[in-house]
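Asks: Here's a structure for you.
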Amino acid sequence: MLRYAARRVAAAVLVVFGVTLATFLLMHLEPGDPAEAVLGIHATPSAIAALNHQWGLTSSVPVQLGHFLAQSFRGDLGQSYIYNVSVASLIGARIGQTAALVAVATVFAVIISVPLSALAASRQNGLADHVVRAVSVVGLALPAFWFGIVLIEIFAVHLHILPVGGAGSGFAGHLEALLLPGLTASFAMAPILVRSLRVGMLEVMDADFIAVARAKGLSGSRVLFAHVARNALVPTVTLLGLNIAYLIGSTVIVEDVFNLNGLGSLLLSSILNRDFPVVQAITLVLGTAVVLLNLATDLLAARLDPRIRLR
């Protein structure tokens, strides 16, 4: 297990370096001048050139890359061109909102997926199975932001149960404000998880040890959750990790719908304003988070199924 973990950590470090390098190069290939975006279209060429020189953008790309890598290695994410504050402070003020959104969405996705998958697998080709499969297909076809607007219309506008948007105040207020966005974000994950876990459960239910468990007189629910669901978790855990990783990088739409000041909205505004340090830092942080999440998923899957690490 230690050798397997060491190999996965080494691969994760290489991926993070690749993400850092690709982010820097892609940002410098993007058209537009950050100094002109800050000073405005009426700025003189001398003022634009002076600001570019102050930011170090007049140096060659390899020199800028070396400076960026050295800063990143020291944990210095630079200074924002637009906000004129440290990038670390900007990210630190918003990363909690995005992390909380991802966590709530993951909890909702698991709460929705496990019971529906168990219901469909235990009623194979029955009415419940067909309904669950049809709902999951519809869920895959509908965009998450549309579902979010529907939730706002029902729970905020008509029923006045939950807030329309914003972050709320206090722990209870933050949690209440994240219910609708979290449910909206989980809507993109739950259908995939339901289909994967259902298929995994059906495959496990045909195994010999399940027949032995039933022959021992174990109840259907105990066989389903203690034996079937546990052995069907490995592919679902991997798929859940991939979907959480996708969700980390795609929260911008949900944050925009519910007016949440997370990393997604900051990333979008920074791209529009050519704020290179902020875009590079957010991409690096999100990329690192995705790599660490995939690493944790691989290690958890190897822990659940020793055959993975033996291969």
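Asks: Which residue out of Ala105, Ala88 is modelled with pLDDT of 80 or more and either farther than 24 Å from Gly287 by Cα or surrounded by 19 or more Cβ atoms within 10 Å (Cβ to Cβ) (or both)?
Replies: Of the residues listed, the single one that is modelled with pLDDT of 80 or more and either farther than 24 Å from Gly287 by Cα or surrounded by 19 or more Cβ atoms within 10 Å (Cβ to Cβ) (or both) is Ala105.
Asks: Somewhere in the range 58-81, is a residue buried (at least 17 other Cβ atoms within 10 Å of the Cβ), within 24 Å of the chain's Cα centre (by Cα) and not hydroxyl-bearing (Ser, Thr, Tyr)?
Replies: Scanning the range 58-81, I find at least one residue that is buried (at least 17 other Cβ atoms within 10 Å of the Cβ), within 24 Å of the chain's Cα centre (by Cα) and not hydroxyl-bearing (Ser, Thr, Tyr), so the answer is yes.
Asks: Determine the pairs where a residue that is at positive phi, located within the range 263-281, has a partner that is part of a helix (DSSP H, G or I) with Cβ atoms under 9 Å apart, the partner being 6 or more residues away or on another chain.
Replies: Listed by first residue and then by second, the contacts come to Arg274/Met27; Arg274/Pro34; Arg274/Ala35; Arg274/Glu36; Arg274/Ala37; Arg274/Val38.
Asks: Looking at (1) hydroxyl-bearing (Ser, Thr, Tyr); (2) part of a helix (DSSP H, G or I); (3) touching a helix residue (DSSP H, G or I) at 6+ places or on another chain (Cβ under 9 Å), find the lone condition where Thr58 falls short.
Replies: (2)
Asks: Can you tell me which residues in the range 233-270 are at pLDDT below 80, among the β-branched types (Val, Ile, Thr) and part of a helix (DSSP H, G or I)?
Replies: Val234, Thr236, Val237, Thr238, Ile244, Ile248, Val252, Ile253
Asks: Quick one: count up the residues across the range 111-126 that are surrounded by fewer than 17 Cβ atoms within 10 Å (Cβ to Cβ) and either part of a helix (DSSP H, G or I) or in contact with an Asp or Glu (Cβ under 8 Å, 6 or more places away or on another chain) (or both).
Replies: Qualifying residue count for the region: 3.
Asks: With the structure loaded, tell me whether Leu29 is over 21 Å from the mean Cα position of the chain (by Cα), of a type in the set (A, V, I, L, M), buried (at least 16 other Cβ atoms within 10 Å of the Cβ) and farther than 30 Å from Gly241 by Cα or whether it fails that test.
Replies: No; evaluated as a whole, the condition is false for this residue.
Asks: Has the range 5-18 got any residue that is out of contact with any strand residue (DSSP E or B) (no Cβ under 7 Å at 6 or more places or on another chain), in a loop (DSSP other than H, G, I, E, B) and at pLDDT below 80?
Replies: No: the range 5-18 contains no residue that is out of contact with any strand residue (DSSP E or B) (no Cβ under 7 Å at 6 or more places or on another chain), in a loop (DSSP other than H, G, I, E, B) and at pLDDT below 80.
Asks: Are any of the residues in the range 288-310 over 13 Å from the mean Cα position of the chain (by Cα), closer than 23 Å to Arg94 by Cβ, at pLDDT 80 or above and aliphatic (A, V, I, L, M)?
Replies: no
Asks: Would you call Val132 part of a helix (DSSP H, G or I) and surrounded by fewer than 20 Cβ atoms within 10 Å (Cβ to Cβ)?
Replies: Against the criterion (part of a helix (DSSP H, G or I) and surrounded by fewer than 20 Cβ atoms within 10 Å (Cβ to Cβ)), Val132 does not qualify.
The values are calculated or read from the model by the stated rules, or taken from the named source; none is laboratory data. It should be emphasised that the depicted structure is a prediction, and the values quoted were computed from it without experimental measurement. FYI the Cβ positions are ideal-geometry reconstructions off the backbone, even for glycines, and counts take in every protein chain you see.
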